1. Provide the gained length on full extension for the span Glu54 to Phe130, in nm with one decimal, where the gain is 0.36 nm per separating residue minus the Cα-Cα distance.
2. Could you check the simple spin-label distance between Ser142 and Gln85, using points 7 Å along Cα→Cβ, in nm with one decimal?
3. Return one whole number: the accessible area per residue of the chain in Å², for a 1.4 Å probe.
4. Have a look at Asp258, Asp170, Asp234 and tell me which one the Gaussian network model of the chain (Cα, springs below 10 Å) gives the largest fluctuation.
5. For Lys177 and Ala259 in the same chain, what is the full-extension length gain: residue separation times 0.36 nm, less their Cα-Cα distance, in nm?
6. Grab the eigenvalues of the alpha-carbon gyration tensor for the range 175-327, scale each by 5, take roots, and send me the semi-axes largest first in whole angstrom.
7. Could you sort Ser35, Ser142, Ser147 by accessible area so the largest value comes first, with the probe set to 1.4 Å?
8. So what's the back-of-envelope 222 nm ellipticity for the chain, counting only DSSP H runs of four-plus at -39500 (n - 2.57) apiece and dividing by all residues, rounded to 500?
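The values are calculated or read from the model by the stated rules, or taken from the named source; none is laboratory data. Predicted, not measured: the structure shown is a model, and the values here were computed from it. Note that we place each Cβ from the backbone using ideal geometry, even for glycine, and neighbour counts take in every protein chain shown. These area figures cover heavy atoms from the full protein model, side chains too; ligands, DNA and RNA do not enter into them. Shrake-Rupley method; radii C 1.70, N 1.55, O 1.52, S 1.80 Å.
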Amino acid sequence: MLEIWRAGGSNTGATPELARGVEAEGWDGQMFMDSQSLSADPYAQMGAWAAWTERLKLSPGVTNPFTRNLAVSATSIATIQAISQGRAVLGIGRGDSALAYLGYAPVKLAWFEKSLETLQALLSGAEVPFADSGSTTGAAPSHEGLSLGARPEGVRLRWLPEGLPKVPLDVAATGPKVIAMGARIAERVTFSVGAEIERMQWALDLARQHEPTPRSYGAQVIVVCHSDEATAMDVAMHMAPPLARFQVIQGKTVGPADAAMAQNMDAIKDGYDMTKHGVHDAKDRIVGGGMTPEFVKRFAVVGTPDHCTERLLALRAAGLDRFVVVGPGFYPKEWGEAAKLFAREVMPALRAAG
């Protein structure tokens, strides 16, 4: 069954009216930004939303294995699982703004892979060696020097409640190595490769080559839905760079890309201002550097409800089980009721198609 999630941001908020309103609109899940300098704590927000809703799934969108000890992340999401009675998902990536605002780049691939394996073990109730828990070495001495009759020999969540399913791990993936390790280790993989069918098919084919058993695959997709295409495009030009830059964050565009695609990715790479990350009117330098509306039309889903439905159904037919939609929740307030077009017209059409 298709899942349609709403992406989170620094302005997600935590009020009963908002949480219940999102659930009433028909969304299957809500993500919450995990970036300590740019957003409120996602676990506090998820706990509140879990109490205010009945069926909505909840996930950080996304956490990372650096800013929180792995045991802390595991126990936090397991707490949300208990409060929500089984509606939690642990979305995780290599880290972006959370690390950038501490002066770091995304974690190394080997560290990320080991972190995924450790989280799966912890969430399953297993014990892992201290060395695999993601602890920061050097900040505190070993407990071996303490006067204790006995001491823990590893990390394990001893309090996990019985009767609830394990929290599924959902890896946010763009490049081929993370796609492969996500498909091998996690229950769910959410691609961030844009909305072009060729790029999505590349990601899906790569993931399926590495999955030991069938996985759930989703995609984070920018959707700007408005009856007037020019109005939609103006907003989409602001929204595309923060997501598109993941395709070129390591210096070279990943996945299939023709000359026009690569040129636009280079403009985003050279012009992206991390000090304005999440500020949706911070596009001028990138547009001046060469990002074009034609590129945005390819990378994002932009246009009328019928057009958005058609594009998303094509992606669904490629084999996606889930959309994480970036757009609704960020549309300008002056749109008024037009901001509800996606939930009112596109979501029912996607569900009707199966």
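1. 23.7 nm
2. 4.7
3. On the way: 15460 Å² over 354 residues.
So the chain comes to 44 Å² accessible per residue, rounded to a whole number.
4. Of Asp258, Asp170, Asp234, the most mobile in the Gaussian network model is Asp258.
5. 27.2 nm
6. On the way: eigenvalues 130, 71, 32 Å².
Listed largest to smallest, the semi-axes of the range 175-327 are 26, 19, 13 Å.
7. Ser147, Ser142, Ser35
8. Helix contribution divided over all residues of the chain: -12000 deg cm²/dmol.
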